[in-house]
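Contents: one structure, followed by commentary.
Where a number appears in this text, it was derived from the coordinates with a stated rule and is not lab data. Note that this is a predicted model, so its numbers are computed, not measured. Neighbour counts are summed over all protein chains in view; Cβ atoms, including those assigned to glycine, are modelled from backbone coordinates with ideal geometry.
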Amino acid sequence: MVCLFARLVDLQVLRKDDFAKRARRQQERTVELPPRRGAILDREGRPLAVTAAVDSVFAIPSELEEPEPIARALSPILGIPARDLAKKLSDADRDFVWLARRVPEAVARQVKDRRLPGIRLLQESTRKYPQGPLGAALLGYVGTDNQGLAGLEYRYDREIRGRPARVTFLRDAAQRSYATPGRGRWRAELGEEVEGESLLLTLDASIQHVAEQELQAAVSTWRAKGGSVIVLDPSDGAVLALASAPGFNPNRYGDSEPEARRNHPIADLYEPGSTFKIFTAGAALEAGTVGPDDLIDCGGGILTIGSTTIHEHGKNRWGVLPLADVIAHSSNIGIAHVALGLGKAPYFRTIRSLGFGQKSGVDLEGESNGLLRDVSSWSALTLPTMAFGQEVGVTVLQMARAYAAIASGGILPTPHLVSAIRRADGRVERRGPAPGKRVLTERTAGILRSFLTRVVESGTGKLSAIPGFSVAGKTGTAQKAAPGGGYSRDRFVGSFIGFVPAESPRVVIAVVIDEPRGKIYGGDVAAPVFSALGAETLRILREEAHDVSGRRTPTFLSADLSSLRQATIGPVLGANVVLASLRGWTPPGEAAPRREVVGEVPDLSGLSGRDAVRSLARAGLGAHLTGSGFVVSQSPLPRVPAEPGTVCSVALSIEPPPAREEVEP
């Protein structure tokens, strides 16, 4: 008895833990299931990424006596060769083997209805993107085991992922699953699952949709290689939209090419061209080497440095221009002289402070630093050519951020996408970057805003105009670097970057079209995207439009004035309402006007189609428009007497009448 007691103490007390571990190894098999990931929501709470329940098919080979017939029965249901299934099912020593993960509901129903021995369904979670391709490049996607592989899914994988569930299978001494009366030959013990945290984004799904729609339309129209769009709130760097083309569907990311899954606005470098000129002007203004009213020598369109001669774009031969006109007319030679007068070191310091040559800090993986070489490696041509956007590599996000510094009065914000994280218990943790740092004085930022406003009003950016709002921005048309050195003659990047409203910026929008065909200038291919996207963005953000006098502009358009009251339209027809036609219209309750000469036909040259209709409406005249863009001819001619209701024929062209921006040398 003493010996037996001593043996029991040895087995049950002294060596208890060792035997317990051995028993677990022999009797238990635990399978870890992917956890339920948290949702990703836009700024209005609309779901962009969610987790759904779906069935997976597994087998218990140790329960199968004849695997081949079962393999043949499952093969047409699962779409897997019977030979491959039989190989998995033939290992009698295994208690668990996956046959098909996350199968469609119809497949799961067929498996369940067949009631095949040893074949089971297990409910797993799967990632779904209810908006399809919307925001795919920034959202990213997940792999088979629900692990984030790209975008926000990868960057915040630890927060979103959650704690996994575990399924435990029990075996007896003969390595058979425990027989439980009434429950078959297997038993699972489900461990507690904890859902991951949810991300609340700064992104607005409505703005993102418009951005992708307008970008894709431009890429298709100009047969471009691709394009990028970013919409930023300049006050804090919140990303309202980030789009790239071509795109992909994260629900089927394996069907797309790697290039389509690339987040181009933050990963790809390009030479910005003329959109960079505003920073050269800002650097000189900050250093005090030029003033806003100073005259700049544009050298008659030629600048010679050593054995290299730089020519003005479009064969222009400007002599002396004010600094504002250097920007408005996009003079390469003029801005090069500004940079040469400033010097290398001060110029480099300002450009570096604006965020170039370094990551912006956006909460996404894969961001490029950009390319800004140290002054010690600059050649004699680097400073003058960098002044108009060559020999520097930037991302679209870096450019949008630097323009946001001008829009916000000189404060450089940190772009960010996640505004808060909501935990499974409902608690919300606010997220956001540190306040931005000042990189320009308020005075300099204000001067630059006025320069950019002039670009839209009378320079190369007329097609970016948004009715009812003042717009500030800059066009860019840059040649792409050619393999082996130099610049390509047939590959370009057209861009427009700006903000609106100019006097109190609400959004910064950057549009870049890569390798457009047919037309290549930023003012042609990118500025219209800015205009359309900007107008819709301001509507979504409920910004009120105003006319030039500062009065609020009605937000309706009408082709049928019979449905509008005279008091609503206002005392002057067409002042704030764009009409389809004024011919033969008489306000309700009034007699038809007499056919008499009431005035002269206004001069419409250079006006947009919308402004031309308004001008004619004020004179009581109708309009028949052909083409699109700006007025290049009209009939009757200006200052010719006209009767009320006369319809003027107006020809429009996409080419703005003033001198346009051409390609840098």
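Observations on the model:
- Table column - 3J(HN,Hα) (Hz), region 76-87, Karplus curve with 6.51, -1.76, 1.60, x for Gly and Pro: x, 6, 8, x, 10, x, 4, 5, 5, 5, 4, 5
- Look at Arg449, Arg618 and count the other Cβ atoms within 10 Å of each Cβ; fewest to most, that gives Arg618, Arg449.
- Contour minus Cα-Cα distance for Arg639 and Glu65 (0.36 nm per residue): 196.7 nm
- Label-to-label distance for Trp98 and Arg430 is 4.1 nm, based on points extended 7 Å past Cα in the beta-carbon direction.
- Compared with the direct C-alpha span, the chain from Glu503 to Lys128 gains 130.8 nm at full extension, assuming 0.36 nm per residue.
- Modelled FRET efficiency - R0 60 Å, Arg489 with Met1, Cβ distances, 0.05 increments: 0.05
- Database remark: amide H of Asp55 closer than 5 angstrom to the amide H of Val103, Glu124 (H placed geometrically; neighbours at sequence offset of 5 or more, or on other chains; Pro and chain starts carry no H).
- Between Arg539 and Gln110, the simple spin-label model (points 7 angstrom out along Cα→Cβ) gives 4.7 nm.
- Residue by residue, region 99-114 carries 3J(HN,Hα) couplings of 9, 7, 9, 6, 8, x, 4, 5, 5, 4, 5, 5, 4, 5, 5, 6 Hz when phi is fed to the Karplus relation 6.51 cos²θ - 1.76 cosθ + 1.60 (θ = phi - 60°); x denotes Gly or Pro.
- For Glu365, the residues whose modelled amide H falls within less than 5 Å of its own, excluding neighbours fewer than 5 places apart on the same chain, are Gly151, Arg155.
- Semi-axis lengths, Å, region 489-530, gyration tensor of Cα atoms, sqrt of 5 times eigenvalues: 24, 8, 6
- Over region 396-554: Kirkwood hydrodynamic radius from C-alpha pairwise inverse distances, Å: 17.3
- ³J(HN,Hα), Karplus 6.51/-1.76/1.60, whole Hz, each residue of region 642-647, x for Gly, Pro: 9, 8, x, x, 4, 9
- Under 5 Å between amide hydrogens, built in the peptide plane, is the criterion, and for Leu48 it picks out Ile40, Leu41, Asp42 among residues at least 5 positions away or on other chains.
- Placing dummy labels 7 Å off each Cα toward the beta-carbon, the span from Gln213 to Asp603 is 4.0 nm.
- Per-residue extension of 0.36 nm, minus the Cα-Cα distance of Ser379 and Asp18, leaves a gain of 122.6 nm for this segment.
- Largest-first principal axis extents of the Cα set of region 33-136 (Å): 56, 24, 22
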